[in-house]
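Colleague: Can you keep this structure in mind? I'll have questions shortly.
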């Protein structure tokens, strides 16, 4: 009985270690995707008529916690960029909720900028891409040795 209990404990310890390692690998892959897709975004958006002076990442708190992979900014506008290895509709829906939180935080802190959203992805599903564009989000994806930014249908949604 003691041997069985010891074996079960060892098995659970191995499972927890494996889960930890997989989580770390997923975070590493996400960081790689961010570093590939986001560095040249201010120049890409300039071609679409937007002038952003910097890109940063944020974690908002104070009752509206949300983490943002990249925020393109200038004095009057900002684009919150969510980076995903593979884009899914649930990711888009989550980002729309995130955009509401960003607007709430901005309103509570006197930030009058217009906020727009973008999804950056390494693996594009056309249905998810079209869904994001219809929801008023920009889509950022690889294109050869560079990335391309697709503007949403009509005007981008502003929060």
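The values are calculated or read from the model by the stated rules, or taken from the named source; none is laboratory data. Nothing here was measured: the structure is a model prediction, and the numbers come from that model. When we count neighbours, we look across all protein chains shown, and the Cβ atoms used for this are built from the backbone with ideal geometry, even at glycine.
Colleague: Filtering the stretch 88-117 down to residues that are under 10 Å from the mean Cα position of the chain (by Cα) and touching a residue at least 40 places away in the same chain (Cβ under 8 Å), which residue is farthest from residue 53 (Cα to Cα)?
Modeller: 92
Colleague: To continue, here is another question. Given the criteria in contact with a strand residue (DSSP E or B) (Cβ under 9 Å, 6 or more places away or on another chain), modelled with pLDDT under 90, surrounded by fewer than 21 Cβ atoms within 10 Å (Cβ to Cβ) and farther than 21 Å from residue 40 by Cα, does residue 105 qualify?
Modeller: yes
Colleague: Only one of 94, 69 is more than 19 Å from residue 43 (Cα to Cα) and touching a strand residue (DSSP E or B) at 6+ places or on another chain (Cβ under 9 Å). Can you tell me which?
Modeller: 94
Colleague: Take residue 136 and decide whether it is outside any helix (DSSP H, G or I), out of contact with any strand residue (DSSP E or B) (no Cβ under 9 Å at 6 or more places or on another chain) and more than 18 Å from residue 46 (Cβ to Cβ).
Modeller: No: the conditions fail for residue 136.
Conditions tested, residue by residue: (1) over 22 Å from residue 141 (Cβ atoms); (2) surrounded by fewer than 12 Cβ atoms within 10 Å (Cβ to Cβ).
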position	(1), (2)
43	no, yes
55	no, no
66	yes, no
84	no, no
87	no, no
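Colleague: Going by what's in this entry, would residue 147 be described as modelled with pLDDT under 90 and assigned to a strand (DSSP E or B)?
Modeller: So residue 147 fits the description; yes.
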